[in-house]
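Below: one structure, written as structure tokens.
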Amino acid sequence: MAKNSCDFVPFWHTTLGIRTKPAVPAGAFQALLRQTLTTATINAVLQRHGPPHRRPLVVTGVQLIESLVFHGVAEAGTLAQHFRELTGKKITDGAHSQRRALLPIIVFEELLRQGLQPKADPRRHPASFYRGLRLCGIDGSTFPVTNTPQIKARMRKAQTRRGRAAFPKVGVTVLLELGLHNPLAAALGAAGESGMVPAKQVLAAQPAHSLLLADRYDGVGEVLVRLPAAAKRHFLARVKRRLKRRLVAGYPDGSALVEIRAGKQTRLVREIVGRVRRGGRGRGTTVHLWTSLLDWRQHPAGKLPALYARRWEQECFYKELKVDARTTTCLQSHTALTALQELAALLLAYAALVDYRVAAGELAEAEVLRISFFQTLQAVQGLWRCMELAGDLLRPAQIRLLVRRTLRQLAEKVLAPRRGRSCPRAVRQPVSSWPRLRRNRSKSGVVNHSLGEICA
């Protein structure tokens, strides 16, 4: 099990041994990754769910999984190249594909459950808490995969208003620790199932003493009634206007106690109706909220709509995960199984990089989210490249000094506070005279050239 935030020891305080093999970055990267996912944890998961083997392995399961995570955040290159940088062993990409095909997805689902843990501390990260409750957000997204024959045989393309989508997509739902952008739990799906299926899996992982912020997709009675209430697990969800509920009582702060139902189960929640308007212009937007925070004196209705707005940090997290952490539009995997493996490895790599971001925020004495994730990723890639070229020339103390200087440089690039502005919820769709490609057709053969008549 990964260490909790109270027991967290920064990776640059650990002893980094000098390696004479080409795998110099392993000292820095593996020390970082093992703050999130220890070797013992990976071995235990592989023993329960991994493939059996009868002889000593040339490439161990731990090395394969660590190289997949390293591949998610390393600079440009193939998995075989990054595996050699990490371990000093040379195998082909085809050999990697054969080994990955033997790892069932349950291995990576278990690694996500074991490795994704809370990291915010109430004293050091007050922006991640509300009255002692850890702020969590939940939302889903999709990642496109390439149109290989294996993908097209196993996955379906979504139907859009202008025909089939260009690429099949794998879905992911993430429970996020707000204030740090630290993933707490994730559920993957490639079978075209409804987003409610992975959402229910993730909601079961809500930590104790937390407040879940959910949007209208999850803000329905079927989900909210069945959410666990033990150990101070609360929710604040936006709901649709005409959901059925029974009014029980009204409170002086403008909220009301209502009863919601899912089948034969019922639950008492507070309903809050607020209007959001920016800059004093326009009619604004009316929002309907349901919350399990029933004490209106301790949690007045006037403060909860502004608190719910923190849920939009989830969109920034997906932008960092889908745009900043990757260099390609589609996932690089060629099968549905390896696409899910790649996505799980990317989430584990992101969770490991949160430690760099937290450490840089503490040096800058600023909120963690004012440290750019993209700049953090670039600094880490430069650090690992330096380790690869000069790691065998440096002593452990010099390596730790190099890491601290990298963090100090990140702290000096702290971002300005975010501007208070909003943008319309609309998508630009440029109009073009080119026809839309609905079915791919191609012709093969020799190209013939001919001349036409020139008119006077």
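For the chain, the relative contact order is 18 percent, taking Cα pairs closer than 8 Å that sit 6 or more residues apart in sequence and dividing their mean separation by the residue count. How charged is the neighbourhood of ASP253? Take every other residue with its Cβ under 10 Å from the Cβ of ASP253, and add Lys/Arg as +1 and Asp/Glu as -1. Once positives and negatives cancel, what remains is +3. Each Lys and Arg contributes +1 and each Asp and Glu -1, all at the Cβ; summed about the Cα centre of the chain, the dipole is approximately 1700 debye. Decide, for the stretch 78-175, between rounded, prolate and oblate: order the square roots of the alpha carbon gyration tensor eigenvalues as a ≥ b ≥ c, take rounded if a/c falls under 1.5, and otherwise choose prolate if a/b is larger than b/c, else oblate. It is oblate, given that a/c is not under 1.5 and a/b is not larger than b/c. Seen from THR148, the other residues with C-beta closer than 15 Å to its C-beta sum to a net charge of +4, counting Lys and Arg as +1 and Asp and Glu as -1.
Given R0 = 35 Å, the distance between the Cβ atoms of ARG156 and GLU75 translates into a calculated FRET efficiency of 0.55. What is the stretch 174-319 by shape, rounded, prolate or oblate, if you read a ≥ b ≥ c off the alpha carbon gyration tensor as root eigenvalues and call it rounded for a/c under 1.5, prolate for a/b larger than b/c, and oblate otherwise? It is oblate, given that a/c is not under 1.5 and a/b is not larger than b/c.
Length gained on full extension, GLU412 to GLU362: 16.9 nm, using 0.36 nm per residue less the C-alpha separation. Bridging of LYS244 to lysines at a Cα separation below 19 Å is possible for LYS264, once same-chain residues fewer than 8 apart are set aside.
With the simple model of a label 7 Å out from the Cα in the direction of the Cβ, ALA397 to LYS89 spans 3.5 nm.
For the stretch 121-316, relative contact order (Cα pairs under 8 Å, six or more residues apart, normalised by length) works out to 17 percent. Count Lys and Arg as plus one, Asp and Glu as minus one, and take only other residues whose Cβ is under 12 Å from that of ALA339; the net charge is then +2.
Ordered by packing density, taken as the mean number of other Cβ atoms within 10 Å over each peptide's residues, highest first, how do 331-338, 247-254, 176-183, 359-366 rank?
Per-residue Cβ counts within 10 Å, averaged per peptide and sorted highest first, yield 176-183, 331-338, 359-366, 247-254.
Between GLN332 and GLN98, the distance separating the two model label sites (each 7 Å from Cα on the Cα→Cβ line) works out to 2.1 nm.
Labels on offer are (1) 39, 27, 20; (2) 88, 24, 22; (3) 39, 33, 23, and the one holding semi-axes √(5λ) of the Cα gyration tensor in Å computed from this structure is (3).
Placing unit charges on each Cβ (+1 for Lys and Arg, -1 for Asp and Glu) gives the chain a dipole about its Cα centre, and among HIS181, LEU402, VAL358 the Cα reaching farthest toward its positive end belongs to HIS181. Pairs over the 26 Å Cα-Cα cut-off, from the set LYS152/LYS322; LYS119/LYS200; LYS152/LYS240; LYS169/LYS319; LYS322/LYS413: LYS152/LYS240. Here the calculated FRET efficiency for VAL225 and ILE106, from their Cβ-Cβ distance with R0 = 35 Å, stands at 0.75, rounded to the nearest 0.05. In this structure, LEU243 and LEU57 have a Cβ-Cβ separation that, at R0 = 45 Å, corresponds to a calculated FRET efficiency of about 0.25.
Each label was represented as a point 7 Å from its Cα along the Cα-to-Cβ direction; for VAL273 and LEU437 these points are 5.1 nm apart.
Rg to Rh for the stretch 99-227: what is it, with Cα atoms only and Rh by Kirkwood? Looking at the stretch 99-227, the ratio lands at 1.03.
Bear in mind that the values in this text are calculations on the coordinates, not laboratory data. Everything numeric here is computed off the predicted structure, so don't read it as measured data. Note: ideal-geometry Cβ built from the backbone for every residue, glycine included; neighbour counts use all protein chains shown.
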